[in-house]
Each structure stands twice: as C-alpha cells, then as structure tokens.
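> This structure is in structure tokens; I'll ask about it shortly.
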Amino acid sequence: MTLKNMRHVLIILFISMLLCQSLYALDYVNKNVNIGILVDVSSTVVGGSQNFTILDSTGKKLKFSKGTITLSCTQEGIKVNSYSLHAPITIFPSNNIIFVNSQAYNGYLCIKKLKNKMTVINVLAIEEYLKGVLPREVGASWPIEALKSQAVISRTYTIANFNKHKDQGFDLCSTTHCQVYGGLSHHTHLTNQAVNETNREVLTYKDKVIQAVFHATCGGHTDSPEYVWNWQDIPHYLKGRKCGYCNNAPYITWEQVLDEHFINEKLSQNNKIGKIKKINIKGKTSAKAAKEVEIVHSKGTINLNAYQFRILVDPWKIKSHTFESIKVKNDKIYFKGKGWGHKVGLCQEGTKGMAQKGKTYKKILLYFYPKTKIETIKFI
Ligand SMILES: [Zn+2]
Ligand SMILES: [Zn+2]
C-alpha cells in the first residue's frame, strides 16, 4: 500500500469512526419502555375492554373475555381466580388497552414477584408512554410550543435513563422520582399533538443524548448541578441560565411556617441535634440560591448543603433552596423563598412564559440547554 493510499484509508477509517460514534449514540434505541406503575403490592385488579390473555413463566395460558379479574400474591406465585400461576406473568390485551385498578394503559403488563409482593410493569412504546406523561407533568392547557418542548425533554430523559430502576426489574417509575405517568386515562388532544409533532426528536450534545433534567419554576435563574448534586465536569448545556420567563408562576415566591419539632425530627434521622435556635443561609450559588444552611442548635452547629436540607425536611413543604430568609421564633421556623424544584436544566414555567411570548419549542429548548442539537432517533 502506498503512503497516499494509506492516508486515504486512514481518512476513511477516521470518518467511519466518527459516523459510527454518532450513530451508536442515537441508533439502537429500544422502541418499548418498562414503567413500574405499582410496586410491592399484595393484590391488584386488572382487566380489559376486549379479550385478554395471561401467560405465566411455565407457558401456561389463560384466556379471559372483557371484564376485570383480581390478582393476588401467594407463597407459590400469583393467584388469578382459582388458578395458581408462576411469576413473572404477562397480560396481553387483544386491543392494546389494559386496565389496572380502573386506569387504562396502552401496551401490555408484566407482573413480577419479589418477596411475596408484586410489581406491576406497563410495557409500551415510548411514544405512547410520553402521551401518558405530558398531561401529568405539565398542564394540558399550556401553549402548544411549551407542550412540544416538554415532549422532547421527556423523550430525551426517558432514553437517557433506561434501567434507572434495574434493581426492581423495570426502567422508570411513574412518580416524580422519574416522570409522572398516568397512562391512557389521562391523554388529551393537545398533549398527544405535542408528542406526534415532535415524533422521535431528542436533544443531543456531542452526539450523545443529554441528561435533560428539568424542574417546575427556577425563580429567575437556573442553577448548575455542581451545587445541587455535587456533580463534577458539568456539560456546557447544564451550567445555568438567566430565565425571567417564570415571573407569573404560582410559586415564583412562597412562604412556609414549620414547627421546630417537625424539622428537628427530620434532621435527627442523620444528625444528633438539640433544639434549633437559628438557621443561617451560607453562600450563594451562581443562580442566587443558598449553597448551605448553618443550623445553630442547643448542642452545637451543623452545616448542610441547602438542597439536601430541603430534601431531608420535606421537598413538598419547602419548595426550593432559593431562600430569601429563614427565621426561628417561638418554636416555629419561618421560610421565605423563590421558585419550585431543584433549579437545574429546563424551567417548565419558563417554557410556558416563552411560548406565550411566541417562541417556538426549538428556540425554547436551545435557550435552556445551550449548544445542544435536536436530532431524530431510530427505534428498533
Ligand atoms: Zn423513579
Ligand atoms: Zn424560570
């Protein structure tokens, strides 16, 4: 081989490597996702509006006409009417619609058994799953461009977090821990339209699907995950941005009063503390949230990461770690703050504000996740 030929081969190899790298990141995405909709239950009611079939792990097959049946967990396996089945069992509806405790879901069910409890997993196409997420994650009355941006980030989040609940035998749960999912019963015309109009679109950065974290209301500026989750090597798209579009959100400012006893009990799970006398806000993140809180108590002082403090106490009662003031008075603790959520990534109320100002979903996404690209994935 001549030197010139060799150079050509090397160039072709290099281009192929680049292409392969890019394709590998976006191709080979599973068409289906496994969602844990009930975890550790003793019994559940399932059913179909048409015929459905149950298949157990030994190959035993039971056919049912439309209606409901009760599944219960026994020492040996799963009991259905008078039949005893070996777990895991799979339930296939003939019309792709299955009911669990009166809620309708697309796809089919896989029911696994662990330590005499059942986990009910809904297996369905990602695009169908997203139609059950959007109405629960954002209001179905939101502007279409905001719904479309949520569709893209929910799809991106799903693909980047396959196997998040691997230990429990499914991909994602159906709560705020992953993404809130309500199934077919919650579908709306507009949220379905948002999923359809962004079909297979995801956000990528350097040819990889991004970690599309998002939250409800940033309160003015999104934050870097280094302060919140102590991440290192923060990608450019998650470094935090000025928002200014969530000023009309319900929790743009909030106040909360909690009993000293309530907070003390929560913090005492990890630290031995006396009566809380004062809570000082220590340091600011780049988004003007608190870095730490210093808790002065009758037996000493402890410092906690401000976000962790919120999670330890109660993330529903303390809406964010953007504290404006924390005062202790007469066994009560008074909080004033801004925004709702961890403040990292896209601000959902900000997308609503941007869409109301006429911005397209592509502009919105590239604003909150700068230097990313919108690309189309292929399912297998
Ligand atoms: Zn989860
Ligand atoms: Zn915002």
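The values are calculated or read from the model by the stated rules, or taken from the named source; none is laboratory data. On a predicted model such as this, the values are computed, not experimentally measured, just so you know. Cβ: placed from backbone, ideal geometry, glycine included. Neighbour counts: every protein chain shown.
> What tally of residues in region 131-174 results from selecting those that are within 16 Å of ligand 1 (Cβ to nearest atom) and of a type outside the set (Val, Ile, Thr)?
20
> Could you pull out every one of the helices (runs of 4 or more DSSP H) wholly within region 281-380 that has 1 or more residues that are free of Cβ contacts under 8 Å to residues at least 12 places away in the same chain and either closer than 19 Å to Ile210 by Cβ or aliphatic (A, V, I, L, M) (or both)? Even if it seems obvious, please write down each step before you answer.
On the way: elements: 306-313, 348-356, 361-368.
It comes to 306-313, 361-368.
> Looking at region 176-193, which of the residues that are touching a strand residue (DSSP E or B) at 6+ places or on another chain (Cβ under 9 Å) and of a type in the set (S, T, N, Q) is farthest from ligand 1 (Cβ to nearest atom)?
Selected residue: Ser185.
> In region 341-368, what residues are within 19 Å of Gln179 (Cα to Cα) and more than 10 Å from ligand 2 (Cβ to nearest atom)?
His342, Val344, Gly345, Leu365
> Kindly provide the set of residues from region 337-362 that are surrounded by fewer than 23 Cβ atoms within 10 Å (Cβ to Cβ) and touching a helix residue (DSSP H, G or I) at 6+ places or on another chain (Cβ under 7 Å), ordered by number.
Ala355, Lys359, Thr360
> Every residue in region 194-253 that is under 15 Å from Ala289 (Cα atoms) and within 16 Å of ligand 1 (Cβ to nearest atom), please.
Passing the criteria: His215, Trp229.
> Sticking with this one: Report those strands (runs of 3 or more DSSP E) wholly inside region 1-74 carrying at least 2 residues which are surrounded by fewer than 12 Cβ atoms within 10 Å (Cβ to Cβ), modelled with pLDDT of 95 or more and not assigned by TED's automatic domain parsing to the domain that holds Lys112. Let's see the steps before the verdict.
Numbers: elements: 32-41, 43-48, 52-55, 61-64, 67-73.
Qualifying strands (runs of 3 or more DSSP E): none found.
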